[in-house]
Amino acid sequence: MPIPSSYRQLASTLVVLLVFFVPELSHAQHDLGPAGSSLRSLYNAYQKYTSAGKSAASFGEGPALVSVHAGRVSVEIVTEVGKRSRVAARLHSLGMRGVQSNARLITGWLPVGKLPNAVAIDGVHSIYPALMVAQSGSVTSRGVEVMETEALSTALGTSGQGLVVGVLSDSYDNYDGSQPGQATASDDVSTGDLPGGGRVQILQDSSTPASDEGRAMMQIVHDVAPGADLAFHTATGGRAAFADAIRSLAASGSRVVVDDILYLNEPAYQDGIVTRAIDEVVRQDDVVYVSAAGNTGRDAFESPFRGSGTEGPLGGEMHDFDPGPDVDPIQQISISDDSQFQIAFQWSQPYASTGGPAAISDLEIYLVDKRGRLLPSVQPERRDNVGGDPFEFINVQDLSVDADGDGTDDTEFGLVIERISGPAPERIRYVPFQQRGEISVEEYATRSPSLYGHPNAESAITVGATAWFDTPEANGDLTAPLVHTFSAVGGTPVLFDALGQEIPPVVRQKPDVTGPDGTNTTFFGQPLNDGDDFPNFFGTSAAAPHVAALAAIIRSGRPDATAEVVKRAIIASAEDISSTRDDVETTIAGEDAQGFDFFSGTGLVRGDQVTVSAFPVRAFQARATERAPGGRVIVSWEEKEAAGIDTYRVEQSYVGQPFNEIASVPSSGGGAYEQAISDVRPGTHTFRLTWTTSSGDQIRGPETQVMVSVKGEAVVTKQPFPNPTRSSFRLELTASQSQNVVLAMYDVLGRYIRTVYTGRLRAGQPSLIQVNRVSQTASGQHFIRIIGETFETVVPVTVLR
């Protein structure tokens, strides 16, 4: 029978679910609790494999997208506050390799047999498999013709000479044979599809066999910008390893960097550690960073969490998918029996792994069969998210279910979202990532923006995809290019700052531009009836390196152009796109498709339309002259003569928060400028210079960072608020060095009441501390004694009952 579509039809099914499934699915009763059911299944398979007398080092079978090789699995471990270092040391002792750390996250390759030992380490909150997807979809790329880059190379007199383009993907020369061709890296050098003579630098290749998609991307860069040198670093190994790889390429001299990777558990509503690494290399190292938008179109589902009043099989409340007056806790979806896909699920709460506050709710997402029963082969992860990351996932490979016993594999299934504990989040969202087969949402599809994670980074040039044959240059019947329907749509809001504090929604204009795909490589891609035998590389993975190569030509010809100037020039060069391949007008949220839109950005990049004006500002810097409190920073810069600037604006961002204008300075027509900023709080400040030209154009210029240190050992940078309070309050502390801190409450007579907080402060960075359960304290004046390892202070707070 079809999946029930209303609460009334579902009631009898739920009785059966609750009677027969609750005991099996209790959070407290599953093995490897913090690791979830996917890693539990992997461990069970490992035990079966080794118990048959096979070597642990030869175990390499894992679920789709879970990287397993030589008895090890690529994992991401979220740690508890202040315990990352000791957890990392314990993981080393268990034989974990390639350990990388960032904020509260540790990534690396853990022996599968040590999973029970890892979950038992004090300080481990949760463990996830590192879920990485690539945005793919005597050879020369047709992108050269489509983008008209030869005209730009001729005008600038360069094809990328003197520049290094860094590429981040799965692998370079560790081919697993998964693609149609069999060419190796040495073959590509010998045929001229990659540069020889030591012009390819491999910082780190994948330790496991992979598709060599990075090499295919490098072929594209070499076709478009043959004068540029190339560098490669694998992005495998988890988010912390990915962020470190970005910094490594920048440090090794890559002035343009491009990636085609996404980790499914990158934050959607917050800038994560990969995004921060991108912003860092762009702002501090002046790197042009290019990222593939993704291939998920408008496949995302997003909604407020609506309680259905129905208890699910895990003991929580099921989400009501029906936005109207009816109640429907199951969303009908269709899945072909040969499908392989993942569904990444998030909700609007902060990520613990970024180093700030954590999720305060525990949610689950799972599939049911057409009779409303859980699938034995695709179990809920059942990982407690409270105190960790607001992320869960579904991983499906070759689903075979016959719920009605008719001898035929079912294609009708249901999707359920269940709130196990904590408050209902304001937003929930999921994005399907499909490798093969078909998955379609049959009801309540919201067709929401699917672009998220580091492709949504403000500093990146994010690239959508247009088939080279869907352009006027290749198809005379077209008057404008068409964007792929699968190209990921932007518009996902950022709701939390880098510290995990809620901010007004920030919607970035993403993607920035579109690049061509479907071009030839020597081995990677799929056959296409285009007059040759070479495979064709589709997806935003192929579009992004085209744009990176264009950036290399610009930087080579205009070495004084900053990353921001190059980005603006590329965006301004684009040819407008108003339709997708299936002729659906590219509008979202009622916006006109002319000019920028969330499908194609400003359009298909055109090298013959690139203009790079001389950069009018140099030597922009900031220096701290006094420590906080009462900190003082001097911002200075120089202007070239006759630059045509009317007014400068100095903007400030504090520890990753949005920029705000703090000073307006009229141009004097050239020379040196200096602006003093007073009462600057301790911590890291980013200053940005923007200006308005005499013709009215708004130009965003360079950025610089400065650390304002603490005067003394620690400062209460925000007094308790609200004060007076009835239930809870917050205060902010900044210490000169990292240390543990304890907050204890005393009455006016100095009598100890109780300890209200224990935690850890980060050196030079403000820590927002939440104190709860104040309502249990008598009314009146109280004092909070703050005791650190190097300081002690007291602040007053008034409690009202």
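The table below gives the values:
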| read-out | value |
| --- | --- |
| Residue within the range 436-450 that is buried (at least 23 other Cβ atoms within 10 Å of the Cβ) and within 20 Å of the chain's Cα centre (by Cα) present | yes |
| Residues located in the range 650-667, provided they are surrounded by fewer than 20 Cβ atoms within 10 Å (Cβ to Cβ) and on the phi > 0 side of the Ramachandran plot | 655 |
| Residue under evaluation residue 467, criteria (1) buried (at least 24 other Cβ atoms within 10 Å of the Cβ); (2) touching a helix residue (DSSP H, G or I) at 6+ places or on another chain (Cβ under 7 Å), criterion not met | (2) |
| Residues that are among the acidic types (Asp, Glu), assigned to a strand (DSSP E or B) and surrounded by fewer than 18 Cβ atoms within 10 Å (Cβ to Cβ), drawn from the range 668-718 | 674, 679 |
| Of residues in the range 204-224 being of a type outside the set (Val, Ile, Thr) and part of a loop (DSSP other than H, G, I, E, B), the one surrounded by the fewest Cβ atoms within 10 Å (Cβ to Cβ) | 209 |
| Subset of the range 253-262 (residues that are in contact with a Leu (Cβ under 6 Å, 6 or more places away or on another chain) and over 18 Å from residue 174 (Cβ atoms)) | 255, 257 |
| Residue that is farthest from residue 114 (Cα to Cα) [pool: residues in the range 24-61 that are buried (at least 19 other Cβ atoms within 10 Å of the Cβ) and modelled with pLDDT under 85] | 25 |
| Residue tally, condition closer than 19 Å to residue 427 by Cα and of a type in the set (Gly, Ala, Ser), over the range 280-331 | 7 |
| Residue check, residue 776 under 16 Å from residue 747 (Cα atoms) and at pLDDT below 85 | yes |
| Qualifying residues in the range 503-545 (those that are buried (at least 24 other Cβ atoms within 10 Å of the Cβ) and at positive phi) - the one nearest to the chain's Cα centre (by Cα) | 539 |
| Residues (in contact with a Leu (Cβ under 7 Å, 6 or more places away or on another chain) and surrounded by fewer than 24 Cβ atoms within 10 Å (Cβ to Cβ)) located in the range 290-310 | 310 |
| Tally of residues being closer than 13 Å to residue 513 by Cβ and among the small types (Gly, Ala, Ser) across the range 537-583 | 8 |
| Residue among 274, 290 that is among the β-branched types (Val, Ile, Thr), in contact with a Ser or Thr (Cβ under 9 Å, 6 or more places away or on another chain) and either more than 22 Å from residue 514 (Cα to Cα) or in the same structural domain as residue 224 (by TED's automatic domain parsing) (or both) | 290 |
| Members of the range 55-81 that are part of a loop (DSSP other than H, G, I, E, B) and closer than 30 Å to residue 338 by Cα | 59, 60, 61, 62, 63, 64, 65, 66, 67, 70, 71 |
| Meets criteria (surrounded by fewer than 17 Cβ atoms within 10 Å (Cβ to Cβ) and part of a loop (DSSP other than H, G, I, E, B)) for residue 759 | no |
| Strands (runs of 3 or more DSSP E) contained entirely in the range 489-577, each with at least 1 residues that are more than 24 Å from residue 159 (Cα to Cα), modelled with pLDDT of 90 or more and assigned by TED's automatic domain parsing to the domain that holds residue 272 | 494-496, 502-506 |
| Residue check, residue 733 in contact with a strand residue (DSSP E or B) (Cβ under 7 Å, 6 or more places away or on another chain), under 30 Å from residue 779 (Cβ atoms), surrounded by 15 or more Cβ atoms within 10 Å (Cβ to Cβ) and modelled with pLDDT of 85 or more | yes |
| Members of the range 386-424 that are surrounded by 16 or more Cβ atoms within 10 Å (Cβ to Cβ) and assigned to a loop (DSSP other than H, G, I, E, B) | 386, 387, 388, 389, 390, 399, 401, 403, 410, 411, 422 |
| Residue under evaluation residue 458, criteria (1) crowded, with 21+ Cβ neighbours inside 10 Å; (2) in the same structural domain as residue 508 (by TED's automatic domain parsing), criterion not met | (1) |
| Residue tally, condition surrounded by 20 or more Cβ atoms within 10 Å (Cβ to Cβ) and under 20 Å from the mean Cα position of the chain (by Cα), over the range 334-362 | 18 |
| Checking residue 652 against (1) more than 27 Å from the chain's Cα centre (by Cα); (2) not assigned by TED's automatic domain parsing to the domain that holds residue 756, the condition it does not meet | (1) |
| Filter result (crowded, with 18+ Cβ neighbours inside 10 Å and either outside any loop (DSSP other than H, G, I, E, B) or in contact with a helix residue (DSSP H, G or I) (Cβ under 7 Å, 6 or more places away or on another chain) (or both)) within the range 170-203 | 170, 171, 172, 175, 185, 188, 193, 194, 195, 200 |
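The values are calculated or read from the model by the stated rules, or taken from the named source; none is laboratory data. Remember, predicted model here, so these are calculated numbers, not experimental data. Here the Cβ is made from the backbone with ideal geometry for all residues, glycine too, and neighbour counts use every protein chain on show.
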